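The values are calculated or read from the model by the stated rules, or taken from the named source; none is laboratory data. Everything numeric in this text was worked out from a predicted model, so none of it was measured. Please note: Cβ atoms are built from the backbone with ideal geometry, for glycine as well, and neighbour counts cover all protein chains shown.
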């Protein structure tokens with residue numbers, strides 16, 4: 001019997017009956033029980049007396065020794081009752097108590113170590129006014145621009161600066177600095193800094209009317225002319241043009257990307273099935289890659305494996321194994337990566353939702369609507385408020401319904417319901433309440449929502465597997481690319497822009513317009529119609545059939561193209577501009593077989609040039625020197641054509 005069974009038999013039975021315990025692997029369950037037992041021994045308490053500080057103290061020691069295995073123990077104690085008021089996961093507890101990155105406004109300003117002054121207090125007050133109307137990430141960004149990029153640089157330029165009224169020379173030097181990063185590289189985004197500073201000056205001027213005693217003393221003219229902020233509109237147009245060009249480049253590659261995602265999922269499924277059906281040491285092949293199952297006998301129960309492993313023995317030419325030949329691969333992870341890559345790509349492609357909206361999808365997001373006219377069920381995807389704080393419903397296609405059913409089945413596992421998980425919001429830097437998130441997976445003992453890093457990794461793996469390139473450069477897909485592709489496809493198929501805007505959750509049609517990289521079908525169709533109208537407006541005699549004499553003249557023209565040195569390529573029905581002095585004509589294509597004739601012409605011209613110089617026939621000298629220039633140029637052209645022909649012959653051998 002274990003220590004817990006002896007010392008806490010009732011609590012141990014309750015603990016083992018919890019759904020969180022039942023879902024865990026045997027090894028993870030034992031690790032959790034051992035962690036709780038060690039905490040009881042260290043503290044001398046009973047399970048009902050444990051506090052969050054007790055578990056965090058033990059967790060800190062375990063992490064320092066490199067064997068932290070108390071994640072499930074924390075969740076079990078939360079569900080059991082002793083830690084009922086604590087964060088739902090140990091990771092959230094660490095974040096809240098030890099490594100919190102969410103700071104007060106005063107700390108955000110003080111982190112840049114600007115000296116005490118009235119402007120410093122002003123910036124704290126200003127950011128406090130902005131704080132209720134924006135998320136923490138945006139507040140942190142504005143604090144960086146106003147404090148570090150603006151005021152810290154201003155007082156570095158002029159240490160005696162006491163207010164916001166900058167001298168022209170100080171403002172000019174600051175403008176020079178802001179275009180360079182702290183390490184001297186060109187700064188890509190200066191527009192947001194200019195806008196933040198102009199907003200600071202404008203807001204203070206407006207607020208001074210309502211609270212003059214607080215803000216009026218700081219009112220000052222904006223030190224940067226509007227031309228500085230207006231000039232960034234050109235920059236934004238360039239950025240938008242690049243994004244639209246990227247969308248146009250990715251549009252024809254999307255089918256190949258989705259085929260690659262499906263292939264990776266099928267490969268992972270086949271590999272896991274083949275590995276599970278093999279015994280330890282058995283050799284088998286999947287899609288041209290040879291594996292050997294690695295599942296040696298377990299000496300003691302604590303060594304029971306939670307994952308399936310295999311060794312890569314060999315790979316056929318053109319086949320890419322999941323790891324290097326001779327190395328062991330985690331087959332469970334290969335199958336999971338293939339499934340989640342396909343699920344994420346398919347969902348983003350069919351909905352165009354943002355990445356954070358995908359991560360926030362739960363079992364409760366799947367809705368349906370019965371149309372009153374047709375009495376049919378319309379499946380809907382409920383998008384919770386995210387960036388614009390507006391919820392919306394997105395109709396689901398049959399393909400998306402199938403994808404989300406598979407996702408729901410996978411998230412549910414062997415249980416009857418989707419297990420609860422906690423999502424970390426990188427913008428607010430907070431953890432959500434436990435919810436049945438669909439796009440979540442087991443990481444060790446805990447159910448975690450797919451992270452930004454993991455999603456990027458599986459999408460990059462899909463692109464690499466599909467060998468997607470653009471002009472020889474490898475192509476990758478980001479989650480936001482699917483949003484642009486979705487908008488472009490909807491607009492291109494004729495859906496009104498305001499409907500597309502509603503589906504995307506945009507508050508402004510111009511935002512949606514910027515997302516669409518619509519191929520100019522209307523321009524192409526209008527141009528074709530113009531050509532057709534112009535063709536119909538031509539005189540009838542231009543549309544008649546050519547006569548026998550005209551055909552004979554046409555054929556005779558091309559017979560006259562053959563000359564001594566090669567072929568004349570001047571346009572049809574045009575006169576010879578050099579009066580048949582072919583060696584001087586740019587339309588002459590030299591025949592390499594006529595190199596000997598060119599050498600004779602060169603020798604003859606040089607002899608005549610020598611004679612003309614002896615008799616001082618200056619006009620003849622000038623004409624012959626010009627002829628020699630053209631003849632030698634033709635010799636070079638013939639040599640290049642001969643070398644090119646010989647190179648092609650060697651390449652074909």
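Quick check: is even one residue across the stretch 216-231 over 26 Å from the mean Cα position of the chain (by Cα), under 26 Å from residue 480 (Cβ atoms) and in contact (Cβ under 8 Å) with a residue 24 or more places away in the chain?
yes
Looking only at the stretch 160-191, how many residues end up being in contact with a helix residue (DSSP H, G or I) (Cβ under 8 Å, 6 or more places away or on another chain) and either at pLDDT below 85 or within 18 Å of residue 122 (Cβ to Cβ) (or both)? Before you say what the answer is, go through the steps one by one.
Going through the stretch 160-191, the residues in contact with a helix residue (DSSP H, G or I) (Cβ under 8 Å, 6 or more places away or on another chain) turn out to be 161-164, 166, 170, 173-175, 177-178, 187, 190-191.
Among the residues that remain, those that are also either at pLDDT below 85 or within 18 Å of residue 122 (Cβ to Cβ) (or both) are: 161-164, 166, 170, 174, 187, 190-191.
Of the residues in that region, 10 qualify.
When you go through (1) in contact with a strand residue (DSSP E or B) (Cβ under 7 Å, 6 or more places away or on another chain); (2) surrounded by 16 or more Cβ atoms within 10 Å (Cβ to Cβ); (3) under 26 Å from residue 500 (Cα atoms) one by one for residue 431, which number turns out not to apply?
(3)
Go through the stretch 561-587 and count every residue that is at positive phi and at pLDDT below 75.
To start, the set of residues in the stretch 561-587 that are at positive phi comprises 566, 573, 579-580.
Of the ones still in play, those that are also at pLDDT below 75 are 573, 579-580.
Summing the residues that are at positive phi and at pLDDT below 75 in the stretch 561-587 gives 3.
Take residue 208 and decide whether it is within 16 Å of residue 224 (Cα to Cα) and either touching a helix residue (DSSP H, G or I) at 6+ places or on another chain (Cβ under 8 Å) or touching a residue at least 40 places away in the same chain (Cβ under 8 Å) (or both).
Numbers: within 16 Å of residue 224 (Cα to Cα): no; either touching a helix residue (DSSP H, G or I) at 6+ places or on another chain (Cβ under 8 Å) or touching a residue at least 40 places away in the same chain (Cβ under 8 Å) (or both): yes.
For residue 208, the condition - within 16 Å of residue 224 (Cα to Cα) and either touching a helix residue (DSSP H, G or I) at 6+ places or on another chain (Cβ under 8 Å) or touching a residue at least 40 places away in the same chain (Cβ under 8 Å) (or both) - is not met.
List the helices (runs of 4 or more DSSP H) inside the stretch 397-500, counting only whole elements, that have at least 2 residues being in the same structural domain as residue 349 (by TED's automatic domain parsing) and closer than 30 Å to residue 72 by Cβ.
On the way: elements: 398-412, 452-465, 479-492.
In the stretch 397-500, 398-412, 452-465 are the helices (runs of 4 or more DSSP H) which contain 2 or more residues that are in the same structural domain as residue 349 (by TED's automatic domain parsing) and closer than 30 Å to residue 72 by Cβ.
Just the residues that are assigned to a loop (DSSP other than H, G, I, E, B) and farther than 16 Å from residue 506 by Cα, please, taken from the stretch 345-387. Quick ask: steps written out before the conclusion?
Let us first name the residues in the stretch 345-387 that are assigned to a loop (DSSP other than H, G, I, E, B), namely 352-354, 360-361, 371-376, 384-387.
If the condition is that a residue be assigned to a loop (DSSP other than H, G, I, E, B) and farther than 16 Å from residue 506 by Cα, then 360, 361, 371, 372, 373, 374, 375, 376 are the ones that fit.
In the stretch 192-234, which residue that is within 23 Å of residue 122 (Cα to Cα) and outside any helix (DSSP H, G or I) is modelled with the lowest pLDDT? Full working, then the answer.
Filtering the stretch 192-234 down to residues within 23 Å of residue 122 (Cα to Cα) leaves 192-225.
Right, trim to outside any helix (DSSP H, G or I) and you get 211, 219-225.
On the way: 211: 91, 219: 93, 220: 92, 221: 90, 222: 86, 223: 83, 224: 75, 225: 71.
Only one residue fits best here, namely 225.
Given 312, 283, 344, which one is at pLDDT 90 or above, on the phi < 0 side of the Ramachandran plot, outside the structural domain of residue 479 (by TED's automatic domain parsing) and crowded, with 18+ Cβ neighbours inside 10 Å?
Values: 283 fails: crowded, with 18+ Cβ neighbours inside 10 Å; 344 fails: outside the structural domain of residue 479 (by TED's automatic domain parsing).
None of the others qualify; the one that does is 312.
Tally the residues that are at pLDDT below 80 and surrounded by 13 or more Cβ atoms within 10 Å (Cβ to Cβ), restricting the search to the stretch 75-100.
Residues in the stretch 75-100 being at pLDDT below 80 and surrounded by 13 or more Cβ atoms within 10 Å (Cβ to Cβ): 12 in total.
Being at pLDDT 90 or above and part of a helix (DSSP H, G or I), is that true of even one residue in the stretch 324-331? Explain how you work it out, then say what you get.
Going residue by residue through the stretch 324-331, those that are at pLDDT 90 or above are 327-331.
Restricting the remaining residues to those that are part of a helix (DSSP H, G or I) gives 331.
Yes, some residue in the stretch 324-331 is at pLDDT 90 or above and part of a helix (DSSP H, G or I).
Given the criteria without any contact (Cβ under 8 Å) to a residue 40 or more places away in the chain and within 34 Å of the chain's Cα centre (by Cα), does residue 154 qualify? Lay out the reasoning, then the answer.
Numbers: without any contact (Cβ under 8 Å) to a residue 40 or more places away in the chain: yes; within 34 Å of the chain's Cα centre (by Cα): no.
So residue 154 does not fit the description; no.
Just the residues that are more than 17 Å from residue 263 (Cα to Cα) and more than 17 Å from the chain's Cα centre (by Cα), please, taken from the stretch 324-349.
Across the stretch 324-349, the qualifying residues are 324, 325, 326, 327, 328, 329, 330.
Give me a count of the residues in the stretch 36-61 that are buried (at least 16 other Cβ atoms within 10 Å of the Cβ) and either more than 12 Å from residue 77 (Cα to Cα) or more than 40 Å from the chain's Cα centre (by Cα) (or both).
Filtering the stretch 36-61 down to residues buried (at least 16 other Cβ atoms within 10 Å of the Cβ) leaves 36-40, 43, 47, 50, 52, 54-56, 58-59.
Now drop any that are not either more than 12 Å from residue 77 (Cα to Cα) or more than 40 Å from the chain's Cα centre (by Cα) (or both), which leaves 36-40, 43, 47, 50, 54, 56, 58-59.
Qualifying residue count for the region: 12.
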